[in-house]
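The values are calculated or read from the model by the stated rules, or taken from the named source; none is laboratory data. The model shown is predicted, which means the values in this text are computed figures rather than measured ones. Using ideal geometry, Cβ is built from the backbone for each residue, glycine included, and neighbour counts are taken over all protein chains shown. Please note that ligands, DNA and RNA were not included when accessible areas were found on the heavy atoms of the full protein model with its side chains. Shrake-Rupley method; radii C 1.70, N 1.55, O 1.52, S 1.80 Å.
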Amino acid sequence: MSKSKAQKPIRIHVTELEMTAPPKTHMIAPSNLHIALMRVPEIPLPFYRFLYRQVGTRWEWVDRVRMDDDELSANIHNQRTTITVFYLEGAPAGFYEYQQQDDGVTELVHFGLFERALGLGVGKWFLLQGLKAMWADKPEKIITATNSLDHPRALQLYQQFGFSPVATYESEITPLSDAELLAFARKL
């Protein structure tokens, strides 16, 4: 059996954003598609991992893949975390995850669609639904971050809904190794 080569880090440009008022935009759900949103308070770890990889593979999401069961469960199975799954034509097609913090801040931790849902005109509507859910709890502000590996229009979309950049910096992401991917696949 051959050894897995270590992955070289990828340089990224990170933009931190915040919004201090609910979006003023209103959108109706696309009428030509069967869509549904379902909050999942006690999401099974394999299902969460499936969603995370389906959304995050193309954007090099790695953090949650590297967590063991206990660490992942502590992050997603607590009263401060909300996970909502987007269904398209009866099957999962994306999710958002947010977490309430102690200081009146809510963080949009993850947001994204599966590749099969991109280009159908549902992304803006889906993000707006997530923002409405977050603002329903009346935080002082909502924060999130995006980076140069994200969808090319992610930053523009966040700004369109009222987020403002508050900081930028350079960082690195080390892609998953073959060994990490194999270990992850065994957890599904």
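Normalised per residue, the accessible area of segment 63-188 is 50 Å², obtained with a 1.4 Å probe and no contribution from ligands, DNA or RNA.
Annotation: extensible slack from residue 141 through residue 91 equals 14.8 nm (criterion: 0.36 nm per residue apart, minus Cα-Cα distance). Calculate the FRET efficiency for residue 24 and residue 63 from the Cβ-Cβ distance with a Förster distance of 35 Å, rounded to the nearest 0.05. In this case the efficiency is close to 0.60.
Projected onto the charge dipole of segment 10-178 (+1 at Lys/Arg Cβ, -1 at Asp/Glu Cβ, origin at the Cα centre), which of 152, 173, 40 gives the Cα projection farthest towards the positive end? It is 152, whose Cα lies furthest towards the positive end. Projecting the Cα atoms of 91, 27, 72 onto the charge dipole of segment 10-178 (Cβ charges, centred on the Cα centre) puts 27 farthest toward the positive pole. Short-range pairs are left out: with C-alpha atoms under 8 Å and at least six residues apart, the relative contact order of segment 10-178 is 41 percent. Taking semi-axes √(5λ) of the Cα gyration tensor in Å as calculated from this structure, the corresponding entry among [x] 27, 20, 17; [y] 24, 22, 15; [z] 37, 16, 13 is [x].
When the pairs 124/187; 24/141; 24/138 are compared against a 25 Å limit on Cα-Cα distance, 124/187 fall above it. Overall form of segment 121-167: oblate. Here a/c, set by the Cα gyration tensor axes a ≥ b ≥ c, is 1.5 or more, and a/b is not larger than b/c.
Here segment 10-178 is treated with +1 on each Lys and Arg Cβ and -1 on each Asp and Glu Cβ, and its dipole about the Cα centre works out to around 760 debye. Given a 1.4 Å probe and every protein chain left where it sits, what share in percent of the accessible area of segment 14-111 is carbon and sulfur? The C+S portion of the solvent-accessible surface of segment 14-111 is 50 percent. Considering only 51, 114, 182, the residue lying farthest towards the positive end of the dipole of the chain is 114, judged by Cα position with unit charges set on Cβ.
Here is the list for segment 74-135: trypsin sites (Lys or Arg not before Pro) lying in DSSP coil, each with at most 15 other C-beta atoms within 10 angstrom of its C-beta, are 80. For the pair residue 102 and residue 80, label points projected 7 Å from Cα toward Cβ lie 0.8 nm apart.
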